[in-house]
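As structure tokens, the structure follows; a few thoughts come after it.
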Amino acid sequence: MNALIPRTALTVALACTASVTVGAISASAHGEVVRQTPGANAVLRSAPASIAITFDSALIPAASMVVVNSAEGKAVHVGGSIVKDRTISTSVSPQISVGKYTVAYRVVCADGHVESNSYTFTVKK
């Protein structure tokens, strides 16, 4: 019976260590935004030519997208999303006018983690 207690304690200790290690790896592997151009809540004097969002890890191009919509819900991005390593971008129509715009993205990081969010910027003249 005494030999069983140390094995049980060892099993519990190993399970706890594995759990903590896996949790730490998962937490550090998630894609975090490191830069947005234009930034969230930015107020611009002219329309941006493009939108770019950079993450702290590589993105899977076929599974990632970014869109830009007017306050009325009309798409103002031109063409599709372009992914280069850690950055996703799209061009913006040069005809956008004064107003508030929403950038929405859904990306899949190289580790399989899905990140989605949105933010706004405003064009004022």
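Every number in this text was worked out from the coordinates using simple rules, so none of it is lab data. Quick caveat: nothing in here was measured; it's all calculated off a predicted structure.
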Can you pull the Rg over Rh of segment 31-123, Cα-only, Kirkwood? 0.96
Which far-off residues, 5 or more places away or on another chain, put their amide H under 5 Å from the one on residue 111, with H placed in the peptide plane? none
For segment 71-77, Karplus-derived ³J(HN,Hα) couplings (6.51, -1.76, 1.60; θ = phi - 60°; whole Hz; x for glycine and proline) come out as 4, 7, x, 7, 5, 10, 7
